[in-house]
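Peer 1: Have a look at the structure that comes next, please.
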Amino acid sequence: MSYSKPPFKEKYGNFINGKFVDPIGGQYFENTSPIDNKLIAKYPRSQKEDVEMAVDAANAAKESWGNTPAAERAALLNKVADIIEANLEEFALVETCDNGKAIRETLNADIPLSVDHWRYFAACIRSEEGSATELDQHTLSMNIKEPLGVIGQIIPWNFPLLMLSWKLPPALATGNCVVLKPAEQTPSTATLLMEKIADVFPPGVINIVHGFGPEAGKPLASSSKVDKVAFTGETTTGQLIMQYASKNLNPVTMELGGKSPNIFFNSVMDADDAYLDKAIEGAVLFAFNQGEVCTCPSRLLVQEDIYDAFMERVIARTNAIVQDNPYDVNTMIGAQASNDQYEKIKAYLKIGKDEGAKVLAGGAAKELDGDLANGFYIQPTILEGHNKMRIFQEEIFGPVVCVTKFKDEAEAIEIANDTLYGLGAGVWTRDAHQLYQIPRAIKAGRVWVNCYHAYPAHAPFGGYKKSGFGRENHVMMLNHYRQTKNMLISYDKNKLGFF
Amino acid sequence: MKRIKITEAAAKVVAQLQEQHGPLIFHQSGGCCDGSAPMIIPEEDMYLDESDVLLGEVAGINFYMNIDQFEYWKHTHLTVDITEGRGASFSLEIPLGLRFLVHSRLLTEEENTALNKNQNTNS
């Protein structure tokens, strides 16, 4: 079965104060599909004035929204989930068109997961309790959680609706109003969502402003009328946003990517069974979402005594990946999100080969026919080398895995931690000791054990080291969007006696 | 002997952006999404200190990289180039529908000796 490009309007507006509005300066940018490099629609090229309008709308709405009962806020979050679910196919199709990923993924991962994140945070805010402690017979310490106010959120293009659904629900659930800037490569599903839920929230609670980083992102990140900024992206922009936030003494949360190791111990090959089959697939998950995942398992570490036998099967499975029209449900990987990404990945394939890496699979761009000839396709690639090579140290953000051998547990841990980043890692073993000890020794926020690339709500996700900080997808994210008001109450009628 | 150079096409874009925005720098980014690419930003925006290594000057502006990252890059020569593409990030060329990127090659033995001789570890 195959889908085709969905219909779009000629142009779209920003969503500010409960309605779609044209950008004040009247400028738009053309958004193209990476599938065929053809125009999708025009989106606002917003400037500082547009951002200010959205921030003002959010500030005007924050008092009332912050005082809305949790039960009501939760009900509205659930309503959004229901609306996305009822239109799942439409969201999936628009996402595939805008991002280039295979429809199989948007139908089965991006959109259903988005639905669940809205429901999860509705449940969190409805079920949590504050705390109170009797410090002594007459003194009560009571903690009340209060919203920060207005949140600025800047999200990436690799999972457009899902990243929006990681960021918006916890901020809204806690009673904040939000100004969100989608990535300029993928403005479509955020816009579609606003079309579908325009009347769900009071005006000003959610505001979506499109545009470019330096023109719209920077004014949002540096606004003195914003109380917190949450960002997912790369390190230089992350540092800039933290600097801007420091001027306002604002808190931030950062998710800045990684270079995640996926470690296979020799016991995985103790039997040729369902588990081994799962492990082989686990090694090939580097190609999931064209490798455009912050936690892409892009460093494959295989114990030396199983290396040849294991890699033979990984290579065969990689060569069996179907790369074709992303609208076809049989296609396993689609297009890279943009031409500059495509060029960057090719530059990494080149330096990898220059550094002496051996190509075990793929190794070049993929030429497809017809309309797809103008799209941005890269073959799933396995490069063999060592951990000091640049391809082992930098996030390529393509379907490229770099494989190396290790001798024992100590060397596996040493290689795994020899990286600037610490977002994700995978550990595969049948050994009960290793199942616990190896994940504990790895400096990363998420270690998948005998699995990989699962992102359920209710499991905290965030980085160590230069991968950032903050823990999304979990109830603990609520406190990244709140203040604690401590009321210290005396029930003692007697004075201190000091004066 | 230099670690870094720039293509003519990229240098033109630097000149254009400098006219528009004033003094600029390049800072090599890492990590997710649009990372692993150089960002061009207003000089005054970035807090630079001893953790930022100056790789050299291209098209009249300084090119910096974090020292931790430099450890893994110092054996390679970089060429800043420009390509079409809708990138994200705060880099100033984004609105032009263009994106800077780096092409890399290994330093020759002669270059490596000259550029990295004061380093403790040669890669």
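The values are calculated or read from the model by the stated rules, or taken from the named source; none is laboratory data. It should be emphasised that the depicted structure is a prediction, and the values quoted were computed from it without experimental measurement. Here Cβ is always computed from backbone atoms with ideal geometry, including for glycine, and neighbour counts include all displayed protein chains. These area figures cover heavy atoms from the full protein model, side chains too; ligands, DNA and RNA do not enter into them. Shrake-Rupley method; radii C 1.70, N 1.55, O 1.52, S 1.80 Å.
Peer 1: Looking only at the stretch B:44-58, count every residue that is under 11 Å from the mean Cα position of the chain (by Cα) and either on the phi > 0 side of the Ramachandran plot or facing another protein chain (nearest Cβ under 9 Å) (or both) and tell me the total.
Peer 2: 1
Peer 1: Let me spell it out: the conditions are (1) closer than 27 Å to residue A:158 by Cβ; (2) in a loop (DSSP other than H, G, I, E, B); (3) not basic (Lys, Arg), and residue B:50 meets all of them except one. Which number is the exception?
Peer 2: Residue B:50 satisfies all of (1) closer than 27 Å to residue A:158 by Cβ; (2) in a loop (DSSP other than H, G, I, E, B); (3) not basic (Lys, Arg) except (1).
Peer 1: With respect to residue A:411, is the statement that it is charged (D, E, K, R) and open to solvent by less than 20 Å² (accessible area, probe 1.4 Å) true?
Peer 2: So residue A:411 fails the test.
Peer 1: Please go through the stretch A:247-259 and give me each residue that is open to solvent by less than 20 Å² (accessible area, probe 1.4 Å) and either touching a Pro at 6+ places or on another chain (Cβ under 6 Å) or among the hydrophobic types (A, V, I, L, M, F, W, C) (or both), ordered by number.
Peer 2: Scanning the stretch A:247-259 gives A:254, A:256.
Peer 1: While we're looking at this one, here's another question. Just to be sure, is residue A:455 open to solvent by 40 Å² or more (accessible area, probe 1.4 Å), among the hydroxyl-bearing types (Ser, Thr, Tyr) and out of contact with any strand residue (DSSP E or B) (no Cβ under 6 Å at 6 or more places or on another chain)?
Peer 2: The answer is no for residue A:455.
Peer 1: Kindly indicate whether residue A:148 is aliphatic (A, V, I, L, M) and surrounded by fewer than 24 Cβ atoms within 10 Å (Cβ to Cβ).
Peer 2: yes
Peer 1: Follow-up. Could you check, for the stretch A:268-286, whether at least one of its residues is closer than 28 Å to residue A:473 by Cβ, assigned to a loop (DSSP other than H, G, I, E, B) and either in contact (Cβ under 8 Å) with a residue 60 or more places away in the chain or β-branched (Val, Ile, Thr) (or both)?
Peer 2: No, the stretch A:268-286 contains no residue that is closer than 28 Å to residue A:473 by Cβ, assigned to a loop (DSSP other than H, G, I, E, B) and either in contact (Cβ under 8 Å) with a residue 60 or more places away in the chain or β-branched (Val, Ile, Thr) (or both).
Peer 1: Limited to the stretch B:21-73, what total is found for residues that are among the small types (Gly, Ala, Ser) and open to solvent by 10 Å² or more (accessible area, probe 1.4 Å)?
Peer 2: 5
Peer 1: A follow-up question, please. Residues A:76, A:113: which one is within 25 Å of residue A:290 (Cα to Cα) and surrounded by 14 or more Cβ atoms within 10 Å (Cβ to Cβ)?
Peer 2: Values: A:76 fails: within 25 Å of residue A:290 (Cα to Cα).
Checking each option against the conditions leaves just A:113.
Peer 1: Answer with yes or no whether residue A:262 is within 14 Å of chain B (Cβ to nearest Cβ), open to solvent by less than 10 Å² (accessible area, probe 1.4 Å) and not in a loop (DSSP other than H, G, I, E, B).
Peer 2: Here the answer is no, as residue A:262 does not meet what is asked.
Peer 1: For residue A:352, are the conditions met, namely being crowded, with 21+ Cβ neighbours inside 10 Å, free of Cβ contacts under 8 Å to residues at least 60 places away in the same chain and of a type in the set (Gly, Ala, Ser)?
Peer 2: Spelling it out, residue A:352 is indeed crowded, with 21+ Cβ neighbours inside 10 Å, free of Cβ contacts under 8 Å to residues at least 60 places away in the same chain and of a type in the set (Gly, Ala, Ser).
Peer 1: Condition first: part of a strand (DSSP E or B) and surrounded by fewer than 18 Cβ atoms within 10 Å (Cβ to Cβ). Now tell me which residues in the stretch A:301-333 satisfy that.
Peer 2: Passing the criteria: only A:328.
Peer 1: Being open to solvent by less than 70 Å² (accessible area, probe 1.4 Å) and more than 7 Å from every other protein chain (Cβ to nearest Cβ) is the filter here, so list the residues in the stretch B:103-121 that pass it.
Peer 2: B:107, B:108, B:111, B:112, B:114, B:115, B:116, B:119, listed by residue number.
Peer 1: Out of the residues in the stretch A:142-190 that are among the hydroxyl-bearing types (Ser, Thr, Tyr) and within 14 Å of another protein chain (Cβ to nearest Cβ), state the one that is farthest from residue A:91 (Cα to Cα).
Peer 2: A:186
Peer 1: Now a separate question. Any residue in the stretch A:380-392 that is closer than 16 Å to residue A:321 by Cβ sitting within a Cβ distance under 8 Å of a residue that is at pLDDT below 95? List the pairs, counting only those 6 or more apart or interchain.
Peer 2: Short answer, once both residue conditions are applied: none.
Peer 1: Can you go through A:467, A:490 and tell me which one is small (Gly, Ala, Ser) and out of contact with any Ser or Thr (no Cβ under 8 Å at 6 or more places or on another chain)?
Peer 2: From the options A:467, A:490, the qualifying one is A:467.
Peer 1: Same structure, new question: Scan the stretch A:372-388 for residues that are in contact with a Cys (Cβ under 7 Å, 6 or more places away or on another chain) and open to solvent by 10 Å² or more (accessible area, probe 1.4 Å) and jot them down.
Peer 2: If the condition is that a residue be in contact with a Cys (Cβ under 7 Å, 6 or more places away or on another chain) and open to solvent by 10 Å² or more (accessible area, probe 1.4 Å), then A:385 is the only one that fits.
Peer 1: In addition: Does residue A:289 meet the test of being closer than 30 Å to residue A:238 by Cα, assigned to a strand (DSSP E or B), polar (S, T, N, Q) and at pLDDT 95 or above?
Peer 2: Taking the combined requirement at face value, the residue does not satisfy it.
Peer 1: Taking the stretch A:364-381 as the region of interest, how many residues are within 24 Å of the chain's Cα centre (by Cα) and not in a loop (DSSP other than H, G, I, E, B)? Full working, then the answer.
Peer 2: Within the stretch A:364-381, the subset within 24 Å of the chain's Cα centre (by Cα) is A:375-381.
Now narrow it down to the ones that are not in a loop (DSSP other than H, G, I, E, B): A:378, A:381.
The total comes to 2.
Per-residue answers, yes or no, for (1) at the interface with another protein chain (Cβ under 7 Å from one of its Cβ atoms); (2) not aromatic (Phe, Trp, Tyr):
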position: B:60; (1), (2): no, yes
position: B:79; (1), (2): no, yes
position: B:86; (1), (2): yes, yes
position: B:89; (1), (2): yes, yes
position: B:100; (1), (2): no, no
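Peer 1: For residue A:173, all conditions in the list (1) in contact with a strand residue (DSSP E or B) (Cβ under 8 Å, 6 or more places away or on another chain); (2) modelled with pLDDT of 95 or more; (3) among the small types (Gly, Ala, Ser) hold save one; what is the number of the exception?
Peer 2: The failed condition is (1).
Peer 1: Something else now. Run down A:449, A:400, A:427 and say which single residue is open to solvent by 30 Å² or more (accessible area, probe 1.4 Å), in contact with a strand residue (DSSP E or B) (Cβ under 6 Å, 6 or more places away or on another chain) and under 23 Å from residue A:318 (Cα atoms).
Peer 2: Residue meeting the stated conditions: A:449.
Peer 1: Okay, moving on. Could you grab me the full set of residues in the stretch A:297-356 that are within 15 Å of residue A:286 (Cβ to Cβ), small (Gly, Ala, Ser) and within 14 Å of chain B (Cβ to nearest Cβ)?
Peer 2: A:298, A:352 - these are the residues of the stretch A:297-356 that are within 15 Å of residue A:286 (Cβ to Cβ), small (Gly, Ala, Ser) and within 14 Å of chain B (Cβ to nearest Cβ).
Peer 1: Which condition does residue A:413 not pass, out of (1) within 14 Å of another protein chain (Cβ to nearest Cβ); (2) of a type in the set (Val, Ile, Thr); (3) in contact with a helix residue (DSSP H, G or I) (Cβ under 6 Å, 6 or more places away or on another chain); (4) more than 29 Å from residue A:105 (Cβ to Cβ), if it passes all the others?
Peer 2: (1)
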